[in-house]
1. Only residues that are of a type in the set (G, A, S) and either surrounded by 14 or more Cβ atoms within 10 Å (Cβ to Cβ) or touching a strand residue (DSSP E or B) at 6+ places or on another chain (Cβ under 9 Å) (or both): list them for the range 261-299, please.
2. What is the residue count in the range 167-190 for residues that are at pLDDT below 75 and either of a type in the set (S, T, Y) or in a helix (DSSP H, G or I) (or both)?
3. Which residue, of V236, V270, V247, V279, is part of a helix (DSSP H, G or I), at pLDDT 90 or above and out of contact with any Leu (no Cβ under 8 Å at 6 or more places or on another chain)?
4. Here are the criteria: (1) in contact with a Ser or Thr (Cβ under 8 Å, 6 or more places away or on another chain); (2) farther than 30 Å from L190 by Cβ. Tell me which single one L221 does not satisfy.
5. Looking at K12, is it basic (K, R), assigned to a helix (DSSP H, G or I), over 32 Å from the mean Cα position of the chain (by Cα) and at pLDDT below 70?
6. Suppose we filter the range 78-115 for residues that are under 21 Å from F251 (Cα atoms), surrounded by 17 or more Cβ atoms within 10 Å (Cβ to Cβ) and either among the β-branched types (V, I, T) or touching a strand residue (DSSP E or B) at 6+ places or on another chain (Cβ under 9 Å) (or both); how many remain?
7. State all residues of the range 220-233 that are assigned to a helix (DSSP H, G or I) and under 16 Å from the mean Cα position of the chain (by Cα); if no residue qualifies, say none.
8. Please determine, by comparing only the residues of the range 61-91 that are at pLDDT below 75 and in contact with a Lys or Arg (Cβ under 9 Å, 6 or more places away or on another chain), which one is farthest from F271 (Cα to Cα).
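The values are calculated or read from the model by the stated rules, or taken from the named source; none is laboratory data. Worth saying up front: this structure is predicted, and the values here are computed from it rather than measured. We place every Cβ from the backbone using ideal geometry, glycine too, and count neighbours over all the protein chains shown.
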Amino acid sequence: MPGLRPRRRLMKRGNARRPSPSPLRASWWRGRTQELTARLKAVHARLESRFPVITGLVDRMVSVNIFDSATRIAAQCFLTAVPLLFVLGAYAPGAVQEQVIASIRAVFGLTGQARAQVEQAFQPPDDDLRQATGLVGILMVLLSATAVSRAVQRLCRRAWQLPRTGTRVAPWRWLAWIVLWLAALVVQGLMHDGLGLGAWVAAPIVLVMQTAMWWWTQHLLLGGAVRWAPLLPGAVLTAIAVGALSVSARFYMPRALNRALADYGSAGSVFVLLSWLIVVCVAVAVGLSAGAVLSQDPFLRRRLGTPTSPPDRTGSG
């Protein structure tokens with residue numbers, strides 16, 4: 001019909017005037033971002049349905065912020081270890097000092113200049129060192145050492161996704177954790193020697209000791225918010241990871257420390273030790289987080305009695 005032709009022409013002209021999508025326009029980028037987000041959510045949902053443990057572990061690692069938490073704990077450990085060594089060198093009995101030296105040598109396999117540096121740190125102190133340290137200095141070192149306990153507590157809380165109000169602990173728990181690890185440092189040499197029975201007994205003994213310590217660490221610093229049984233997988237995984245790093249440290253650390261001391265002096269040894277501490281703390285963060293995820297898996301949840309959501313404990317006992 002003749003009357004419809006002008007309308008069709010007008011419609012064609014109107015369609016021709018509409019701008020086509022262009023990467024130079026913000027609307028084009030918003031559309032592409034929304035499409036990509038929708039696709040990623042769909043992929044995540046499919047993976048979560050097929051591999052719930054793997055996707056849960058990845059999500060937990062992101063929420064824990066593995067590298068940030070590990071770096072903070074490593075820095076706190078290093079800043080705490082140096083003053084504690086001075087305190088042990090000034091006030092610990094000779095037998096304890098010898099055992100600490102043997103433990104450090106056993107853990108790191110120190111030789112040469114690095115070994116001499118550690119032995120020099122535990123030389124018999126003079127009166128000036130004792131006066132400089134003093135009782136007030138000892139108390140300040142112990143109080144500052146609780147920063148490590150608080151950092152590990154935050155890691156455990158994030159691994160189990162507990163609210164802050166549910167993991168308030170009494171300060172004595174932080175001090176008890178420090179005392180535990182100081183006692184463990186003293187007996188590390190005996191453990192790595194297999195209690196005098198030989199190196200072939202050392203590996204299972206160290207593994208059992210590490211498992212017990214990380215099991216107790218989680219229960220202590222979480223204030224009992226999670227029962228003992230669900231904490232066991234995280235303790236076992238952390239003990240295996242730390243044990244493997246201890247074995248590798250005996251081959252890597254002596255060479256790295258001696259080379260750093262020869263090339264850069266004490267500053268080089270600080271860099272090597274701090275780098276190794278960061279690696280260990282990453283392994284601890286991964287082990288605790290993976291253990292929490294595995295404990296909440298349906299297969300282990302029924303056997304360990306893991307609650308769907310950990311109870312909100314506000315006590316400070």
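1. Selection gives G268, S269, A283, A285, G287, S289, A290, G291, A292, S295.
2. Summing the residues that are at pLDDT below 75 and either of a type in the set (S, T, Y) or in a helix (DSSP H, G or I) (or both) in the range 167-190 gives 3.
3. Of V236, V270, V247, V279, the one residue that is part of a helix (DSSP H, G or I), at pLDDT 90 or above and out of contact with any Leu (no Cβ under 8 Å at 6 or more places or on another chain) is V236.
4. Among (1) in contact with a Ser or Thr (Cβ under 8 Å, 6 or more places away or on another chain); (2) farther than 30 Å from L190 by Cβ, L221 violates only (2).
5. Answer is yes for this residue.
6. 4
7. L221, L231, P233
8. Ranking the candidates gives Y91 first.
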